[in-house]
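Student: A single structure is presented below for examination.
The values are calculated or read from the model by the stated rules, or taken from the named source; none is laboratory data. All figures in this text were calculated on a predicted structure; none of them were measured in a lab. Note that we place each Cβ from the backbone using ideal geometry, even for glycine, and neighbour counts take in every protein chain shown. With ligands, DNA and RNA removed, areas are computed over all heavy atoms of the protein, side chains included. Shrake-Rupley method; radii C 1.70, N 1.55, O 1.52, S 1.80 Å.
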Amino acid sequence: MDYIKRFYISGFLRIAFYLGFFLVYLQDMGLSKAQIGFLMGLSLILVALLEVPTGVVADEVSKKLSVLLSEALSLLYSLVLYLASSFQVVLISMIIAALATTLRTGAETAWIYELLSRDDRAEEYPKVYGRLRAFEMAGGFIGMIAGGILADAFGMRFAVLMSAPFFLISLIITATIPADTVKSEAPYTLHLSESIRFIRDSPAVAWLIAYANLIGLSFAAFTSFMQLYFYGFLPSIMGVSMIMALQTILNSASWYIDAGKYRKVIYNKAVAVLTFLLFLAGLSAWFGFLTMILGTFVFTQSFKEWQARFHTAIPHEKRATLGSLYSLTAAITSGVLNVFVGFLFDRIGIMHGLIIISVFVGALYGVFQLTFERELSN
């Protein structure tokens, strides 16, 4: 079987049956909302702190090993979460989950790109990356539906336990994929400093990282509070749940479908289009459906193109580290955005807040474009 298909199958089988009721599971365990909030915030902080060190390990040792460790830790996480009955044990499980996440980010995409490049198939990367995300989301969607059924029939703890066999099978399949061969020979600190210097001395790469964050800002400002946005329009839990299920299907389909030659056009106009859609969503709740549908397609296609440009612009031996550096900036940006957006929406409402954010992101895009265009021309 082609190794790319094995990536797809492995990604699909990472089915977490507990995702649809995770917070309810923690609350049922006896955790307070304050404790749950603390755990979620700590998880984001840990991911941000661990991103770069784990990326360097992937470049220095092995990208495949990094992904395998991630999958092994995901298996361990599901077992610890199943056995958990106190805040302290859940805390341990969240630390394991954060480490598992950071071991995968940067390493997996760098591993795939290296294998494709080795086989003279690098041009396939955007399509492969998009379909990998599509298979992961399809598995996630099935997991949420099946997990709810399992939890209703046998209890939430049983549904959590049922995730473990799927993580194990995913781990076994991943182990059969060919290993990466390009590794950094520089010492850890030197490798990290060289990677940071590479970004500093490469305006094109710095612009790519900044542009990816702008694309993320433009769409995340809407999706982060999308449940509350639609709940204000359709005050029904069932209605909101159906919209979230629809968005998951749209997301998976958008990652799978490849826009081909139009992908570059979408990428170049992504921030402008997403900012305009954000503005429309603030004008009328009905436009929110357009923002969700069209915005999902624009975001996925532009990010696939970004992935191809980013990996083409950086050397193999620094690919996981630089990918982790991007993930670090994205995590920080997302954290700041959530705090700012939550404060803004609480003060003036979601609709008016979306209009203000769209104007802010548009102005920020103009400043970044002028700044980096001047640097790139030198």
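Student: Could you please let me know if G130 is closer than 30 Å to G260 by Cβ, open to solvent by less than 60 Å² (accessible area, probe 1.4 Å), in the same structural domain as Q35 (by the TED database) and touching an Asp or Glu at 6+ places or on another chain (Cβ under 8 Å)?
Tutor: Values: closer than 30 Å to G260 by Cβ: yes; open to solvent by less than 60 Å² (accessible area, probe 1.4 Å): yes; in the same structural domain as Q35 (by the TED database): yes; touching an Asp or Glu at 6+ places or on another chain (Cβ under 8 Å): yes.
Yes; evaluated as a whole, the condition is true for this residue.
Student: Identify the single condition in (1) touching a helix residue (DSSP H, G or I) at 6+ places or on another chain (Cβ under 6 Å); (2) of a type outside the set (F, W, Y); (3) open to solvent by 30 Å² or more (accessible area, probe 1.4 Å) that L49 does not satisfy, given that it satisfies every other one.
Tutor: (1)
Student: Sticking with this structure for a sec: Of all residues in the range 261-318, which are of a type in the set (S, T, N, Q) and out of contact with any helix residue (DSSP H, G or I) (no Cβ under 8 Å at 6 or more places or on another chain)?
Tutor: N268, S284 - these are the residues of the range 261-318 that are of a type in the set (S, T, N, Q) and out of contact with any helix residue (DSSP H, G or I) (no Cβ under 8 Å at 6 or more places or on another chain).
Student: Here is a follow-up. Could you identify the single residue in I96, I92, I36 that is free of Cβ contacts under 8 Å to residues at least 60 places away in the same chain, open to solvent by 50 Å² or more (accessible area, probe 1.4 Å) and assigned by the TED database to the domain that holds E136?
Tutor: On the way: I96 fails: open to solvent by 50 Å² or more (accessible area, probe 1.4 Å); I36 fails: open to solvent by 50 Å² or more (accessible area, probe 1.4 Å).
Criteria check complete, one pass: I92.
Student: Assuming S284 fulfils every condition listed in (1) free of Cβ contacts under 8 Å to residues at least 24 places away in the same chain; (2) touching a Lys or Arg at 6+ places or on another chain (Cβ under 6 Å) apart from one, which condition is it?
Tutor: Among (1) free of Cβ contacts under 8 Å to residues at least 24 places away in the same chain; (2) touching a Lys or Arg at 6+ places or on another chain (Cβ under 6 Å), S284 violates only (2).
Student: Within the group I145, I215, which residue is part of a helix (DSSP H, G or I), open to solvent by 20 Å² or more (accessible area, probe 1.4 Å) and out of contact with any Asp or Glu (no Cβ under 8 Å at 6 or more places or on another chain)?
Tutor: I145
Student: Within the range 236-247, can one find any residue that is modelled with pLDDT of 80 or more and open to solvent by 30 Å² or more (accessible area, probe 1.4 Å)?
Tutor: To start, the set of residues in the range 236-247 that are modelled with pLDDT of 80 or more comprises 246-247.
Right, trim to open to solvent by 30 Å² or more (accessible area, probe 1.4 Å) and you get 246.
Yes.
Student: Being at pLDDT 80 or above, in a helix (DSSP H, G or I), closer than 25 Å to F340 by Cα and open to solvent by 50 Å² or more (accessible area, probe 1.4 Å) is true for just one of F279, F297. Which residue is that? Steps first, please.
Tutor: Details: F297 fails: closer than 25 Å to F340 by Cα.
Of F279, F297, the one residue that is at pLDDT 80 or above, in a helix (DSSP H, G or I), closer than 25 Å to F340 by Cα and open to solvent by 50 Å² or more (accessible area, probe 1.4 Å) is F279.
Student: List, please: which pairs have Cβ atoms under 8 Å, are six or more places apart or on different chains, and start with a residue in the range 44-65 that is in a helix (DSSP H, G or I) and end with one that is of a type in the set (D, E)?
Tutor: Every condition considered, the pairs that remain are D59/E317; K63/E108; K63/E114; K63/D180; K64/D180.
Student: Scan the range 1-46 residue by residue and report those that are within 23 Å of G139 (Cα to Cα) and β-branched (V, I, T).
Tutor: Result: I4, I9, I15, V24.
Student: Something else about it: Report yes if L161 is more than 18 Å from the chain's Cα centre (by Cα), within 13 Å of R14 (Cβ to Cβ) and open to solvent by 40 Å² or more (accessible area, probe 1.4 Å), otherwise no.
Tutor: On the way: more than 18 Å from the chain's Cα centre (by Cα): yes; within 13 Å of R14 (Cβ to Cβ): no; open to solvent by 40 Å² or more (accessible area, probe 1.4 Å): yes.
No: the conditions fail for L161.
Student: Which of the residues belonging to the range 170-197 are surrounded by fewer than 19 Cβ atoms within 10 Å (Cβ to Cβ), at pLDDT 85 or above and in a helix (DSSP H, G or I)?
Tutor: Those that are surrounded by fewer than 19 Cβ atoms within 10 Å (Cβ to Cβ), at pLDDT 85 or above and in a helix (DSSP H, G or I): I172, A175, R197.
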